[in-house]
Amino acid sequence: MRLLLVEDDLDLAKGLLLALSAQGFVVNHVSTGKHALSSIKAKDCDAVILDLGLPDMDGLDLLKQSRQREGHLPVLVLTARDGIDDRIRGLDLGADDYLVKPFAMAELFARLRVIERRLGTAATHLIKLQQVELDTSAHQVRVEGEVVGLSRREFMLLKELMESAGRIKTREQLEASLYAWGEEVASNALEVHISNLRKKLPKDFIKTLRGVGYSVVMV
Ligand code: CA
C-alpha cells in the first residue's frame, strides 16, 4: 500500500517514514496542503495520513477537497490532543479514522492494517497460491510449509504480485509499489529482485511477459 504522509513536523515525519517503511509500506512525504493536493490529484497514493495543523491550509479543508476529488481515498487524520472538535468535524467530512498525538506506532500500524483490509489490498492475512503461502501480518512466506527468508523488497514485491494474482503487473506499477519518489533505483533493480525471488520459489511461479511485466497465476 502506498501512503501519502502529510505532516509539517519534520522530526515526526522522519520517524514515521522510518517506522512505516520498516513495516513494508511505501511512503511519500509532503509537508504542505498544496503538495498533498497535487499528489492526491495525481493518484499517487492508496491512503493518506493527514496532520490537521498544516502551515498553508486547514487540514480539514484539505480533507474536504480530497473527498470531493477522490471520494474513496482513505484518510487517517492525526490531530492534537486539544483538537476534539476537529476530530468530530473530521469524521463528518469523511475521515476514515483518527489518532490523537502523541500516539504509539503500533496503534498507527493497526489502524493502517484496517484501512488496508478495507481496500482489499490485504483481503486476508494469508494469501495462498499453489504451494506458496504469504502471511501479511507475520511478514512471512512459506513454500510447501517451509519458511523462506526474503528481503524486505522481495517480500513487498511478492505481496504485490500475489495480491493481484491472475493479473499482469507492469514494471512501472511494481517499481512504484517498491520505491518512494526520488529514491535512487538502479535500472535493473526490479529484475534483480525478481531473479532472487525466483530462486526461492517454485519453478515458473512468477511469469514474465516480455516487455510488459510480471504475473503469478491463480492455480
Ligand atoms: Ca502540524
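The values are calculated or read from the model by the stated rules, or taken from the named source; none is laboratory data. What you see is a predicted model; the values in this text were computed from it and never measured. Virtual Cβ from ideal backbone geometry, glycine too; neighbours counted across all protein chains shown. All accessible areas refer to the heavy atoms of the entire protein, side chains included, with ligands and DNA or RNA removed. Shrake-Rupley method; radii C 1.70, N 1.55, O 1.52, S 1.80 Å.
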| query | Taking the range 1-14 as the search range and keeping residues that are open to solvent by 30 Å² or more (accessible area, probe 1.4 Å) and in a helix (DSSP H, G or I), which one is farthest from the ligand (Cβ to nearest atom)? | reply | Lys14
| query | Tell me, which residue of the range 35-68 that is assigned to a helix (DSSP H, G or I) and out of contact with any Leu (no Cβ under 7 Å at 6 or more places or on another chain) is modelled with the highest pLDDT? | reply | His35
| Boolean, Leu78 is open to solvent by 30 Å² or more (accessible area, probe 1.4 Å), under 20 Å from Gly53 (Cα atoms) and either in a loop (DSSP other than H, G, I, E, B) or outside the structural domain of Asp204 (by TED's automatic domain parsing) (or both) | no
| Taking only pairs six or more apart or across chains, which ones have beta-carbon atoms under 7 Å, a first residue in the range 184-207 that is within 17 Å of Glu146 (Cβ to Cβ) and in the same structural domain as Lys169 (by TED's automatic domain parsing), and a second residue that is part of a loop (DSSP other than H, G, I, E, B) and open to solvent by 60 Å² or more (accessible area, probe 1.4 Å)? | Pro202/Gln130; Pro202/Gln131; Phe205/Gln130
| field | Residue identified as in contact (Cβ under 8 Å) with a residue 12 or more places away in the chain, in contact with a strand residue (DSSP E or B) (Cβ under 9 Å, 6 or more places away or on another chain), surrounded by 12 or more Cβ atoms within 10 Å (Cβ to Cβ) and assigned to a strand (DSSP E or B) among Ser215, Ser177 | value | Ser215
| Are there any strands (runs of 3 or more DSSP E) wholly within the range 90-174 with 3 or more residues that are open to solvent by less than 60 Å² (accessible area, probe 1.4 Å), and if so which? | 97-100, 132-135, 140-143
| said: Scan the range 187-195 and tell me whether some residue there is of a type in the set (S, T, N, Q) and open to solvent by less than 20 Å² (accessible area, probe 1.4 Å). | reply: no
| remark: Flagged in the range 35-59 as surrounded by fewer than 20 Cβ atoms within 10 Å (Cβ to Cβ) and not acidic (Asp, Glu), in numbering order, are His35, Leu37, Ser38, Ser39, Lys41, Ala42, Lys43, Gly53, Pro55, Met57
